[in-house]
Amino acid sequence: MTEPTFAGLVSRWYERNARDLPWRHPDVSPWAILVSEVMLQQTPVVRVLPAWQAWLARWPTPAALAQDTPAEAIRMWGRLGYPRRALRLRECAVAVVERHGGQVPDHLEQLLALPGVGTYTARAVAAFAYGQRHPVVDTNVRRVVCRAIAGEPDAGPATRPADLVATEELLPVEPASAALASAAFMELGAVVCTARSPRCGVCPVEATCAWRASGQVAPDGPTRRPQRYAGTDRQVRGLLLGVLREATGPVPHQRLDQVWSDDVQRARALAGLVTDGLVEPVGENAFRLIGDGPPAPVPT
DNA sequence: TAACCGTGGAA
DNA sequence: TTTCCAAGGTT
């Protein structure tokens, strides 16, 4: 009789307490899982649920999305935030069709090469869609491992190679068990070992938690700068894109002028949207979502 | 490395 | 009301 491992304890807890999220169902395609992972980047589960359903109902395969316009992808994205993700997801669908015959690849290197897919998302798809053994490290997992193993209150702002190593050492050898453990770590961080008010009373590894043993030392020093939103270019971009998203086809410059009074900042935000490929000019004084209609006539 | 990139809900 | 933060990626 050996002691249960850390991963074993968390996995056991997960099997009994996991939320019933649709992208975790066994019959879900790798494409559907990839879509969920991209939508979940910096975005709460409750907001992703309806968007994910609608997206896959419209574009059940990468090929379906690849054939539609960027403008429609941006519209379907709705108010999930970070609309560049919609653009990247469509580019990703195009790449999957062109490079992989329409099938989401199952090799880490191939996944990493896809637009909008980084270290976390590539590993998440490899593990959750294909059952491979990879450390899947997001903000939840970093926090769980940091607290339970290292005994520190919080992890750093970005995932580092050391985080992957530390997490990999916790994974069971068997691939399917490792994938399950990865999902379990994430769930624990999302539901129990939360950033603000951890529910240590219901934690399956409270007895061995290094942070708990230390008396739950508070974070030391100032954390990262709280990023303001009101008054930033980000907010102005959001307002501008909101108008363009609701419109069909070109929107007169004059109508965009109404969303923000500061001419300089508004122009900068609009230029940024164009630079990012979300918006394009139509003629001299109108703009539209990228690819929303036939190409503007080229003067000869 | 650090700044930038949306949005909305809870504390 | 303000602050925090939510399955990151890109440059």
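What the table below lists for this structure:
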| item | result |
| --- | --- |
| Pairwise centroid distance, computed over Cα atoms, of the stretch A:132-169 with the stretch A:1-45, Å | 16 Å |
| Cβ-derived FRET efficiency at R0 30 Å, A:D276 paired with A:R99, nearest 0.05 | 0.80 |
| Point-to-point label distance, A:Q265-A:A207, nm (Cα→Cβ direction, 7 Å offset) | 5.6 nm |
| In the stretch A:1-73, trypsin sites (Lys or Arg not before Pro) in a DSSP loop with at most 14 other beta-carbon atoms within 10 Å | A:R19 |
| Candidates A:A230, A:A271, A:A113: whichever shows maximal mean-square fluctuation once chain A is modelled as a Gaussian network with Cα springs under 10 Å | A:A230 |
| Rg followed by Dmax, in Å, when chain A is reduced to its Cα trace | 22.0, 82 |
| Size of electric dipole in chain A: Cβ of Lys, Arg +1 and of Asp, Glu -1, about Cα centre, debye, nearest 20 | 680 debye |
| Cα centroid separation, the stretch A:62-101 to the stretch A:230-300 (Å) | 20 Å |
| Filtered chymotrypsin sites (Phe, Trp or Tyr not before Pro), the stretch A:140-240: DSSP coil and at most 15 other beta carbons within 10 Å | A:Y229 |
| Extension gain (nm, one decimal) between A:D68 and A:L112, 0.36 nm per residue minus Cα-Cα | 13.5 nm |
| In sequence order, calculated HN-Hα J values of the stretch A:71-88 (Karplus, 6.51, -1.76, 1.60; Hz; x Gly/Pro) | 4, 5, 4, 5, 5, 5, 4, x, 10, 5, x, 6, x, 4, 4, 5, 5, 5 |
| Relative contact order (%) - chain A, alpha-carbon pairs under 8 angstrom, separation at least six | 18 percent |
| For A:R288, distant residues with modelled amide H under 5 Å away | A:V251, A:E280, A:V282 |
| Sparse-neighbour loop sites [trypsin sites (Lys or Arg not before Pro); the stretch A:115-198; at most 11 other C-beta within 10 Å; DSSP] | A:R196 |
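Since every read-out is calculated from the coordinates, none of them should be taken as a lab result. Note that the structure is a prediction, hence the values are computed from the model and not measured. Cβ atoms come from the backbone with ideal geometry, glycine included; neighbour counts cover every protein chain shown.
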